[in-house]
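Comments concern the structure below.
The values are calculated or read from the model by the stated rules, or taken from the named source; none is laboratory data. The structure displayed is predicted, hence computed values, not measured ones. Positions of Cβ are generated from backbone atoms using ideal geometry, with glycine treated the same way; all protein chains shown enter the neighbour counts. Ligands, DNA and RNA are stripped out before the accessible areas are found, and what is left, the full protein with its side chains, is counted by its heavy atoms. Shrake-Rupley method; radii C 1.70, N 1.55, O 1.52, S 1.80 Å.
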Amino acid sequence: REALIAGLVDGSVEAIATDHAPHEPASKEVEFDRAPFGVTGFETALSLALELVHAGRLPLMRMVELFTSGPASVLGRTRRLAAGEPADLTLFSTEHAWTFHASESASKSRNTPFDGRKFRGAPMATIVAGRVVYRRDA
């Protein structure tokens, strides 16, 4: 874990991304080494990264890079905010307090170690191609 955090800070790790491949509960309710990889993470990824920011272990702008230009670079794409460019944005709060409940998750999966965990910071809205596609009820 500490090596991964160091890699996020020093640039050895270029991106933070989530895998959107939910698994049926039965496929996860087996011996650990027989279960498919992964947990529900799309809804908690940003808030978990913000924990490192709040702890002073990761600069906020580095965290933003890891979720934005980092994945774009790995895919060989350039993304920037500019007139005439796609406006795919996530607006987030570094302070919004919330609790993750797996039973309320938008994911088909409920496999998570974060059920009931309280977070500080969250996505507040997502804009894709200039259109609001998600808005958190505050």
Every residue in the stretch 1-59 that is assigned to a loop (DSSP other than H, G, I, E, B), over 16 Å from the mean Cα position of the chain (by Cα) and among the small types (Gly, Ala, Ser), please. Gly11, Ser12, Ala35, Ala55, Gly56
Search result, residues across the stretch 5-51 that are free of Cβ contacts under 8 Å to residues at least 12 places away in the same chain, open to solvent by 70 Å² or more (accessible area, probe 1.4 Å) and within 13 Å of Glu65 (Cβ to Cβ): Asp10
Condition broken by Thr68, with the remaining ones in (1) open to solvent by 40 Å² or more (accessible area, probe 1.4 Å); (2) over 25 Å from Asp137 (Cα atoms); (3) at pLDDT 85 or above; (4) under 16 Å from the mean Cα position of the chain (by Cα) satisfied: (2)
Search the stretch 52-63 for residues that are closer than 19 Å to Leu91 by Cβ and among the small types (Gly, Ala, Ser) and pair each with any residue that is in a loop (DSSP other than H, G, I, E, B) and open to solvent by 70 Å² or more (accessible area, probe 1.4 Å) when their beta-carbon atoms are under 8 Å apart and the residues are at least 6 apart or on different chains. none
Given the structure, is His101 touching a strand residue (DSSP E or B) at 6+ places or on another chain (Cβ under 8 Å) and more than 29 Å from Ala129 (Cα to Cα)? no
Given the options Arg80, Arg110, Arg62, name the one that is closer than 27 Å to Arg1 by Cα, outside any helix (DSSP H, G or I), of a type in the set (Lys, Arg) and out of contact with any strand residue (DSSP E or B) (no Cβ under 7 Å at 6 or more places or on another chain). Arg110
Residue under question is Arg135, and the condition is that it be free of Cβ contacts under 8 Å to residues at least 24 places away in the same chain and farther than 19 Å from Ile5 by Cα; does it hold? yes
Looking at the stretch 100-108, is at least one residue small (Gly, Ala, Ser), in contact with a Leu (Cβ under 7 Å, 6 or more places away or on another chain) and surrounded by 16 or more Cβ atoms within 10 Å (Cβ to Cβ)? no
